[in-house]
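Only one structure is covered here, and it is reproduced in the block below.
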Ligand code: UDX
Ligand code: ADP
């Protein structure tokens, strides 16, 4: 039986970093080396002060502290780590393509392909290669093709082991996952052996009945399906939020009522200003692209609607602000509380805040942002990436401050965009006092639930009520 002694993980990001830290902590006899071409990122993972690791994730620094330099290593020497490894995880980014065929929809596989070529060039012994990044169905086949045709004659087994961790709860999700999915070539002895090798790793801390083995394609497609279903629930409840606002129903009451049906269940039914994150939109676009490429246009249209509804929700929220502020925000100061795509992460990819800010900037508003974990440069980088206006203009019209109170000072409106716990504890009467009158508050996360005008000092709009 194959026993893994050395693991290499290519990509020290939101997926690779936490996943490998937990594997290293739970499997002290396995050496785990996480490599990345980004020197700054690797230096941060190696920072003496473990609180400076590049990813903010509750509980992660403690895990890193325990395993780092024992059997968990971070390095930029990609070749050396590949050479030594029996098992290689690929956790590089797979953004949506911004050019050429499939632009705006298909996953850009250039980073994956570069990895495959590098593995093929360097490897002198047999390797098990594990796809950890989110990938379109049948990527494993392309990987195998490159490895078998450009390699040094060594054998490769390709496994698909999709990531189901959610940011903000990554450590808990990794420690106690609902299930771990391992796709491999179950029809051959070598394939089965590779699958077993990975099963053995997870079995260090996860009950066997939660370790699910399937063929590679089912595993790849299950990941896209899971994210599409989750995102679809958010878009469904967000669609209802607009109807609630028109009819006098309250979306939280509706959500509670339908969620108590055990066939539906209560999770992922919280109405919001729109879902963000690196996965939902990208995975659905992928699904849409794959369906279209097989001529399944009805299937593609069905899933695309989930994204269209999400775009609508973000626009609708921003438009509500403009409309409430007497149909103009030109020259008005609007404070945005929260920039991350959800609480307890410093990740901002596809965050609704970016699009709300962009909409308001197009209406000539002045924006002030406060987020407890997101760095100022990231906020500007997110706006610059949209290419709507020059980087100088973004810097002159968007200010980033250090507290919610500072953000609210002389603002015409405040909007809650991320559900950070600390926003619940704010002295809202003080916020109101800081603002220009008439002052307006827009709660895009239903964070001020059960609070009334008497509690916070002023009337506010909450999505879906
Ligand atoms: C998601 C999947 O949950 C995870 O299994 C997968 O591995 C990666 O993609 P993530 O994007 O990290 O994880 O966060 P998630 O908790 O799913 O939230 C995604 C977005 O939906 C956030 O913007 C969140 O605020 C929003 N959301 C979630 C809602 O608006 N309402 C909800 O009820 C739940
Ligand atoms: P994810 O959320 O999927 O983890 P991230 O962007 O946070 O995505 O992390 C992906 C990491 O992969 C980045 O730090 C990037 O530098 C790294 N990366 C991309 N291509 C390569 C490569 N060929 N070799 C090593 N690291 C790579």
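Quick notes
- Unique match (being under 24 Å from residue 278 (Cβ atoms), surrounded by 20 or more Cβ atoms within 10 Å (Cβ to Cβ) and away from ligand 2 (no atom under 11 Å from the Cβ)) among 90, 7: 7
- Residue 96 being touching a strand residue (DSSP E or B) at 6+ places or on another chain (Cβ under 7 Å), within 16 Å of ligand 2 (Cβ to nearest atom) and either closer than 15 Å to residue 216 by Cβ or in contact (Cβ under 8 Å) with a residue 12 or more places away in the chain (or both): yes
- Helices (runs of 4 or more DSSP H) completely within the range 109-220 that count 2 or more residues being within 16 Å of ligand 2 (Cβ to nearest atom) and either out of contact with any helix residue (DSSP H, G or I) (no Cβ under 6 Å at 6 or more places or on another chain) or more than 30 Å from residue 268 (Cα to Cα) (or both): 110-122, 139-150
- Residues satisfying the stated conditions in the range 411-427, i.e. surrounded by fewer than 24 Cβ atoms within 10 Å (Cβ to Cβ), under 30 Å from the mean Cα position of the chain (by Cα) and over 17 Å from residue 276 (Cα atoms): 421, 422, 423, 424, 425, 426
Here's the yes/no breakdown for (1) surrounded by fewer than 24 Cβ atoms within 10 Å (Cβ to Cβ); (2) farther than 21 Å from residue 230 by Cβ; (3) more than 16 Å from ligand 2 (Cβ to nearest atom):
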position	(1), (2), (3)
265	yes, no, yes
315	yes, yes, yes
333	yes, yes, yes
340	no, no, no
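Matching residues to (1) touching a residue at least 60 places away in the same chain (Cβ under 8 Å); (2) within 22 Å of residue 223 (Cβ to Cβ); (3) over 24 Å from the mean Cα position of the chain (by Cα); (4) part of a helix (DSSP H, G or I):
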residue	(1), (2), (3), (4)
271	yes, no, no, no
309	yes, yes, no, yes
313	yes, no, no, yes
328	no, no, yes, no
336	yes, no, no, no
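- The single condition among (1) over 22 Å from residue 244 (Cβ atoms); (2) in contact with a strand residue (DSSP E or B) (Cβ under 9 Å, 6 or more places away or on another chain); (3) at pLDDT below 95 that residue 435 does not satisfy is (3).
- Among (1) closer than 24 Å to residue 128 by Cα; (2) more than 16 Å from ligand 1 (Cβ to nearest atom), the one test that residue 41 misses: (1)
- The one condition from (1) surrounded by 20 or more Cβ atoms within 10 Å (Cβ to Cβ); (2) farther than 15 Å from residue 92 by Cβ; (3) within 10 Å of ligand 2 (Cβ to nearest atom) that residue 72 does not meet is (3).
- Members of the range 120-139 found to be more than 16 Å from ligand 1 (Cβ to nearest atom) and modelled with pLDDT of 80 or more, listed by number: 120, 121, 122, 123, 124, 125, 126, 127, 128, 129, 139
- Residue check, residue 73 within 16 Å of ligand 1 (Cβ to nearest atom), touching a residue at least 24 places away in the same chain (Cβ under 8 Å) and in a strand (DSSP E or B): no
- Within the range 172-184, considering residues that are touching a residue at least 12 places away in the same chain (Cβ under 8 Å) and closer than 22 Å to residue 94 by Cα, the one surrounded by the most Cβ atoms within 10 Å (Cβ to Cβ): 184
The values are calculated or read from the model by the stated rules, or taken from the named source; none is laboratory data. Remember, predicted model here, so these are calculated numbers, not experimental data. Backbone-built Cβ (ideal geometry, glycine too); neighbour counts: all protein chains shown.
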